[in-house]
Amino acid sequence: MKILVTGGAGYIGSHTCLELLNAGYEVVVLDNLYNSCEESLKRVEKLTGKKISFYEVDLLDVAGMEKLFEAEKPEAVIHFAGLKAVGESCKVPLKYFTNNLSGTINLLNVMEKYNVKKLVFSSSATVYGVQESPAYTEEMKTSSTAVSSPYGRTKLMIEDMLKDICAADPSWNVALLRYFNPIGAHESGEIGEDPQGIPNNLVPYVAKVAIGELDHINVFGDDYETPDGTCIRDYLHVVDLAIGHEKAIVKLNEEPGLVIYNLGTGKGYSVLDVIKSFEDACGKELPKVMAPRRAGDLPEYFSVPAKAEKELGWKAERGIKEMCEDTWRWQSKNPKGYRK
Ligand code: NAD
Ligand code: UDP
């Protein structure tokens, strides 16, 4: 089966391409390389011994996408391509709405034109916003007023759009995958997360402190109502997450209509737990400073992943130790990421 992976050169996309190739799928990648480079795909080809057809095309370029669909005839799409920086989305919301919303609408129109109606969409736990319980289940109600950023709202709007499309036309099959906090890297240390500039997320930041590129870690808030006062999240190994996409494709082949799954471990770790685990992985204590809370952060949330286990046969296998060890292997082997 041939799968089109949009955003396939990026962090989660490249790991997913690798798992798809290893599972015997053919892979076509569309990416404008805005936040990635082709080197990630070259490394995936080297690790798997298989080829990827790569198209440097933007989601806003409808003619370019049509050419790809005509030449490659993909049977399903995994849609990662999008902008993802929460803070930036608050400063330039229109850029996020244009890229993520218009880009996705273009993709869906091209899919419809070429009668490709199987889609896995990269959603996020951010769509839950504030809930009464920190243990998020797929049945919880989502509402755009509870979501804390324009980025999060693009995810929710796309989810809602896909629900409407599936309700109107039962020949569409769509999986909305709500990721919790993906971290880690492939165990080879050859592919991983390669943020440009100063990272916003905790683990890439900690990794840059560990290689000496940044001075110290800022712990955003130690006065939350949690056991050690720092925020709790459900961190998930990117390889487990990638495997979840392959399971979702299998599910879509059963033609289930629209399905929604949390992808997380179900376990929460505090900011200090993660730093400690990273210190164990890199074998040294890392400088850290207690800093004020970051606007918009919730004290605690984690997934209830039971539905994905029951319906997809998917369960996260890798723990926090492997997540930190694999990040450290990637970061120390590639101090400048994919750049030479
Ligand atoms: P990433 O930035 O590494 O990958 C996204 C890729 O999409 C990049 O290669 C980028 O160049 C490409 N892209 C962006 N806009 C494009 C456009 N208009 N046309 C073509 N390509 C375009 O990000 P990632 O961490 O791999 O995330 C992948 C997806 O998962 C995103 O949709 C993101 O919102 C979602 N997600 C990520 C996380 C996370 O913590 N990493 C959590 C939840 C959801
Ligand atoms: N965090 C931190 N210092 C950093 C980056 C993040 O203390 O430099 C905290 C952040 O406040 C949150 C947790 O780490 O509680 C995870 O943040 P991240 O940005 O990685 O993911 P989010 O949960 O916001 O999607």
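The values are calculated or read from the model by the stated rules, or taken from the named source; none is laboratory data. This structure is a prediction, so every number in the text was calculated from the model and none was measured. All Cβ positions, glycine included, derive from the backbone under ideal geometry; neighbour counts span all protein chains shown. With ligands, DNA and RNA removed, areas are computed over all heavy atoms of the protein, side chains included. Shrake-Rupley method; radii C 1.70, N 1.55, O 1.52, S 1.80 Å.
When you scan the stretch 197-218, do you find a residue that is farther than 21 Å from Met323 by Cα, away from ligand 1 (no atom under 15 Å from the Cβ) and of a type in the set (S, T, N, Q), even just one? Scanning the stretch 197-218 turns up no residue that is farther than 21 Å from Met323 by Cα, away from ligand 1 (no atom under 15 Å from the Cβ) and of a type in the set (S, T, N, Q). Within the stretch 113-158, the only residue that satisfies the criterion of being free of Cβ contacts under 8 Å to residues at least 40 places away in the same chain, in contact with a Leu (Cβ under 6 Å, 6 or more places away or on another chain) and open to solvent by less than 10 Å² (accessible area, probe 1.4 Å) is Val147.
For the stretch 291-318, a residue qualifies if it is open to solvent by less than 30 Å² (accessible area, probe 1.4 Å) and either more than 16 Å from ligand 2 (Cβ to nearest atom) or under 14 Å from His186 (Cα atoms) (or both), and the qualifying residues are Ala308, Leu312, Trp314, Ala316. The conditions are (1) within 16 Å of ligand 2 (Cβ to nearest atom); (2) open to solvent by less than 30 Å² (accessible area, probe 1.4 Å), and Thr48 fails exactly one of them. Which is it? In the conditions (1) within 16 Å of ligand 2 (Cβ to nearest atom); (2) open to solvent by less than 30 Å² (accessible area, probe 1.4 Å), Thr48 misses (1) alone. Just one residue in the set Gly244, Gly264 is touching a Pro at 6+ places or on another chain (Cβ under 6 Å) and under 30 Å from Lys118 (Cα atoms); that residue is Gly264. One residue stands out among those in the stretch 275-305 that are β-branched (Val, Ile, Thr) and out of contact with any helix residue (DSSP H, G or I) (no Cβ under 8 Å at 6 or more places or on another chain): the one that is nearest to ligand 1 (Cβ to nearest atom), which is Val304. State whether one or more residues within the stretch 189-204 are crowded, with 18+ Cβ neighbours inside 10 Å, away from ligand 2 (no atom under 13 Å from the Cβ) and over 17 Å from the mean Cα position of the chain (by Cα). Yes, some residue in the stretch 189-204 is crowded, with 18+ Cβ neighbours inside 10 Å, away from ligand 2 (no atom under 13 Å from the Cβ) and over 17 Å from the mean Cα position of the chain (by Cα).
Can you say whether Asn253 is near ligand 2 (Cβ under 10 Å from one of its atoms) and in contact (Cβ under 8 Å) with a residue 60 or more places away in the chain, as far as the supplied structure shows? Explain how you work it out, then say what you get.
On the way: near ligand 2 (Cβ under 10 Å from one of its atoms): no; in contact (Cβ under 8 Å) with a residue 60 or more places away in the chain: yes.
In short, no.
Would you check if there is a residue in the stretch 16-27 being within 22 Å of Lys155 (Cβ to Cβ), more than 13 Å from ligand 1 (Cβ to nearest atom) and in contact (Cβ under 8 Å) with a residue 12 or more places away in the chain? No; the residues of the stretch 16-27 include none that is within 22 Å of Lys155 (Cβ to Cβ), more than 13 Å from ligand 1 (Cβ to nearest atom) and in contact (Cβ under 8 Å) with a residue 12 or more places away in the chain.
Mind checking whether some residue in the stretch 228-239 is open to solvent by 50 Å² or more (accessible area, probe 1.4 Å), on the phi > 0 side of the Ramachandran plot and either more than 16 Å from ligand 1 (Cβ to nearest atom) or not in a strand (DSSP E or B) (or both)? Scanning the stretch 228-239 turns up no residue that is open to solvent by 50 Å² or more (accessible area, probe 1.4 Å), on the phi > 0 side of the Ramachandran plot and either more than 16 Å from ligand 1 (Cβ to nearest atom) or not in a strand (DSSP E or B) (or both).
The single condition among (1) touching a Gly at 6+ places or on another chain (Cβ under 9 Å); (2) more than 28 Å from Pro256 (Cα to Cα) that Lys91 does not meet is (1). Scanning the stretch 252-270 for residues that are touching a helix residue (DSSP H, G or I) at 6+ places or on another chain (Cβ under 6 Å) and surrounded by fewer than 21 Cβ atoms within 10 Å (Cβ to Cβ) yields Gly257, Leu258.
The number of residues in the stretch 1-13 that are open to solvent by 10 Å² or more (accessible area, probe 1.4 Å) and either more than 10 Å from ligand 1 (Cβ to nearest atom) or in a strand (DSSP E or B) (or both) comes to 2.
Against the condition surrounded by 13 or more Cβ atoms within 10 Å (Cβ to Cβ), out of contact with any Phe, Trp or Tyr (no Cβ under 8 Å at 6 or more places or on another chain) and closer than 20 Å to Lys155 by Cα, how does Ala248 come out, does it pass? Outline the logic, then answer.
Values: surrounded by 13 or more Cβ atoms within 10 Å (Cβ to Cβ): yes; out of contact with any Phe, Trp or Tyr (no Cβ under 8 Å at 6 or more places or on another chain): no; closer than 20 Å to Lys155 by Cα: yes.
So Ala248 fails the test.
Criterion applied to Val92, Val77 was being within 23 Å of Tyr151 (Cβ to Cβ), open to solvent by 50 Å² or more (accessible area, probe 1.4 Å) and away from ligand 2 (no atom under 16 Å from the Cβ), and the one residue passing it is Val92.
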